[in-house]
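The values are calculated or read from the model by the stated rules, or taken from the named source; none is laboratory data. All of these numbers come straight from a predicted model, not from anything done at the bench. Because the Cβ atoms are built from the backbone with ideal geometry, glycine has one as well, and the counts that use them run over all protein chains shown. The accessibility values were calculated without ligands, DNA or RNA, using every heavy atom of the protein model including side chains. Shrake-Rupley method; radii C 1.70, N 1.55, O 1.52, S 1.80 Å.
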Amino acid sequence: MGITVADALTIGALRRGRVLAGTERLSNLIDHVCVMEQPPYRQWLRPNQFMLTTFFWVKDDIEGQVSSIENLVEAKAAALAVHRGNFGYQVPQALVEQAQKFGLPLIELPSDVSYVEIITPLMAAVLNRQNYLLHRSEEIHNKLIDLVLAGCDLQSLVDTLSDLLQRQVLLSGPAGEVIRLSRDARRSAYLTPEQLSLECTRTALSDAFNSAFDSAHEANGAAAEHSETRESEPYASTTFFMDTGEVRAIYLPVQLGQSQLALLCALDSRQAEFDPLDNIALKQGVLACSVVLLKEHAVRNVEQRMRNDLFSELLTGGGATDPQVMERARNVGWDLTHKHVVAVLALEESGLDDLRPSRLPAEGSPASMDPVYSIAAQVLAEYNPRSMILQKDGLIVILPHLQGEFRREGVLRDARELLECVQERCALELQAGNGLVGAIGRAYEALTDLPRSYDEARRAIALRNAAHLSHTLVQFDEVAVFDVLGQVLLKSEQHTAFLSTIKPLLDYDRDKGSELVRTIECYFDCAQRVDAVARLLELHPNTVKYRLRRAQEIIGFDLFQPSYQMATHMATKLARMMG
């Protein structure tokens, strides 16, 4: 919190000093002044000390003089001023070279200068600077706290901090994304969100975020281990390059408990030096940002609980026609009009492999669905921002917002396209993206029918798994037949009768390892179009025709006569469910 070595060289008798080495480190800060005239001196060394000496105790020991440089650097001393004294001391070249090697400012003082002429004005300047910084720190603290108590938001906070620092201020997230960016206090060299969103910049900010978190964690651990107050470390900094030139940043983490929420940065693209006041203001800004983020976090939690409660009521039929529910929806920013269908997403390994109620999705969302939820929310924000999304019953539940006149075909098509977009994004960003299964209930015009659509979407997931389908997206109408067949499976005499028509084919497939039953199923699914079956099974059309003929030969009658088609098709579906 003191003055720099460069400032000290303009004060009192130090103006007569001559810098012999370490000119690149004249920005070192001075907090104390100390005289070094006899051993052992190392135990008295502290960071940011301006050291005075005549080297009288080692005047004939050049090696001892040179070794002192390394000790001072290790102690983070600000500078070393060597007084020529009354014994004709000459600064040896080896001392100059050692100081230059380690970057320690080395200053030669003439013999007619007294220590009092140096120490008194220098300490007065240091104390005046410290008093000024403390005063400014209190002023900044009071201004920011007043803002927080007045209920300011993050944008107002970073703008105010920018005015105090006379620098642009950035609040960034873990991936280097811009959360808030101030307008430049001096309206020059203004960096835009688009510039800060460049990949190289985001990478630099993300690295800084992780570094700040690790440093804070280590500092907290060390403080806990030693049960002592650690002296504040210098601020951390990073540099990134843009088309407008080099941009430097100093930064500190914004934390709530053990969770790091953001990185608060002061930016500089004008090559102006950062000073202790920047660090003080930044620390005060971190405190204010933490309070505002804590408040916003609490508000978001309350709003999320309100949304979850409302969403649950909509999906369970809890008073969806009540005008109060519509008003509650508006209060949390939801528009309940044009909501006609429910879509759900589940992980394929969720184990929903039969139709018993106990096998439907259970309460409680697995942790593995959290990244899916984040990606789905991003996709909706981009393509269908008025949609609603919730984690419920171990699923991601989506109510697409489908503007315009109600048409079932159009609603189902648009919902399917939206869900496919989510699945594609998950496949790109998540290693397990291909294991994501989607389902869509029936479309209804009335809001009161949403619980039915939700139940159908959930049931479609279970039916899809029970039927061993490979489809990653199903509509309830496409798998509803398996709901009926599931009841048939419960009675052995019924499913035996159902399968009797194609039993010879089942035996043949089992013995020969062929897929005649699968081919017949696809033939009916594809409206008896050989070319469509060939594409679906990735076969040549002639191979499909051969399989159909071979099946009829084994059965001994025409399976595709109108009177046999329904029974045969249903039998193939039942065989699928039985695995």
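I want to check the label-to-label distance for M123 and D214. Put each point 7 Å from Cα in the C-beta direction and report it in nm to one decimal.
My value for the distance between the label points is 4.2 nm.
Can you work out the accessible area per residue across the stretch 110-168, with the rest of the protein chains kept in place, probe 1.4 Å, in square angstrom?
Heavy-atom SASA per residue in the stretch 110-168 reads 51 Å².
Amide H neighbours of A21 under 5 Å, at least 5 residues apart or on other chains, H built in the peptide plane: list them.
Those qualifying (amide H under 5 Å, at least 5 residues apart or on another chain) are L106.
Quick one: if you stick a label point 7 Å off each Cα along the C-beta vector at A94 and I145, how many nm between them?
Those two pseudo-labels are separated by 5.6 nm.
How high is the relative contact order of the stretch 113-200, given as a whole-number percent (alpha carbon pairs under 8 Å, six or more residues apart)?
Here the relative contact order equals 17 percent.
Given H placed on each backbone N at 1.01 Å, which residues far from L256 in sequence or on other chains put an amide H within less than 5 Å of it?
Placed amide hydrogens put L261 under 5 Å from L256.
Helix 115-149: angle to the longest alpha-carbon principal axis of the chain, degrees 0 to 90, nearest 10?
30 degrees
So how exposed is H32, as accessible area in Å² (1.4 Å probe, rounded to 10)?
Solvent-accessible area, nearest 10 Å²: 90 Å².
Under a cut-off of 26 Å between alpha-carbon atoms, report the lysines in cross-link reach of K143, not counting same-chain residues fewer than 8 places apart.
Answer for K143, where 26 Å is the Cα cut-off: K283, K295, listed by chain and number.
Need the full-extension length gain, D335 to Y115, defined as separation in residues times 0.36 nm minus the C-alpha distance. One decimal, nm.
71.5 nm
Helix 154-165: angle to the longest alpha-carbon principal axis of the chain, degrees 0 to 90, nearest 10?
Here the helix axis deviates by roughly 20 degrees.
Under the rule of at least 5 residues apart or a separate chain, name every residue whose amide H is placed under 5 Å from the amide H of D393.
Result for D393 returns G364.
From the phi angles alone, apply the Karplus equation (6.51, -1.76, 1.60; θ = phi - 60°) to the stretch 36-47 and give each ³J(HN,Hα) in whole Hz, x where the residue is Gly or Pro.
So the Karplus estimates, Gly and Pro as x, are 10, 10, 8, x, x, 9, 4, 5, 9, 6, 9, x Hz.
Working with all protein chains in place, sort R464, R248, R330 by solvent-accessible area computed with a 1.4 Å probe, largest first.
Sorted descending by solvent-accessible area, the residues read R330, R248, R464.
Leaving out ligands and nucleic acids, and using a 1.4 Å probe, what accessible area per residue does the stretch 388-438 come to in Å²?
I get 46 Å² per residue for this part.
Relative to a virtual label point 7 Å from the Cα of D163 in the Cα→beta-carbon direction, which members of the stretch 283-308 show backbone nitrogen distances below 18 Å?
284-286, 288-289
Short version: ³J(HN,Hα) in whole Hz for each residue of the stretch 451-456, in order, from phi by Karplus 6.51 cos²θ - 1.76 cosθ + 1.60 (θ = phi - 60°), x for Gly and Pro, what are they?
x, 5, 5, 5, 4, 5
Under a cut-off of 29 Å between alpha-carbon atoms, report the lysines in cross-link reach of K59, not counting same-chain residues fewer than 8 places apart.
Candidates past the 8-residue exclusion: K76, K101.
For the chain, what does the alpha-carbon gyration tensor say about shape, rounded, prolate or oblate, given a ≥ b ≥ c as the root eigenvalues, a/c under 1.5 as rounded, and a/b over b/c as prolate?
prolate
Starting at the first residue of the stretch 8-21, write each ³J(HN,Hα) from the Karplus equation 6.51 cos²θ - 1.76 cosθ + 1.60 with θ = phi - 60°, in whole Hz, x for Gly and Pro.
So the J values, rounded to whole Hz, are 4, 6, 10, 10, x, 6, 5, 5, 8, x, 10, 7, 9, 7.
With a 1.4 Å probe and all protein chains left in place, how much accessible area per residue does the stretch 1-67 have, in Å²?
I get 54 Å² per residue for the stretch 1-67.
Please compute the length gained on full extension between V302 and E194, using 0.36 nm multiplied by the number of residues separating them and subtracting their Cα-Cα distance.
35.7 nm
Would you mind checking the tilt of helix 503-512 against the longest principal axis of the Cα atoms of the chain, expressed as 0 to 90 degrees and rounded to 10?
Once rounded, the angle reads 50 degrees.
Let a ≥ b ≥ c be the square roots of the eigenvalues of the Cα gyration tensor of the stretch 77-161; is it rounded (a/c under 1.5), or, if not, prolate (a/b larger than b/c) or oblate?
Taking the square roots of the gyration eigenvalues as a ≥ b ≥ c, the stretch 77-161 is oblate.
Per DSSP H run of n ≥ 4, the term is -39500 (n - 2.57); total these for the chain, divide by its residue number, and report the mean residue ellipticity at 222 nm rounded to 500 deg cm²/dmol.
Per the formula, -16500 deg cm²/dmol.
List the lysines whose Cα lies under 23 Å from the Cα of K573, skipping any in the same chain that are fewer than 8 positions away.
Within the straight-line cut-off, K573 pairs with K491, K503, K512, K545.
Could you work out what % of the accessible surface of the chain is carbon and sulfur, using a 1.4 angstrom probe and leaving DNA, RNA and ligands out of the count?
It is 51 percent, rounded to a whole number.
Tell me, what is the percent relative contact order of the chain, built from C-alpha pairs under 8 Å that lie six or more residues apart?
Value for the chain: 8 percent.
What does the extension gain come out to for L536 and R18, with contour length at 0.36 nm per residue minus their alpha carbon separation?
Computed gain between L536 and R18 is 177.8 nm.
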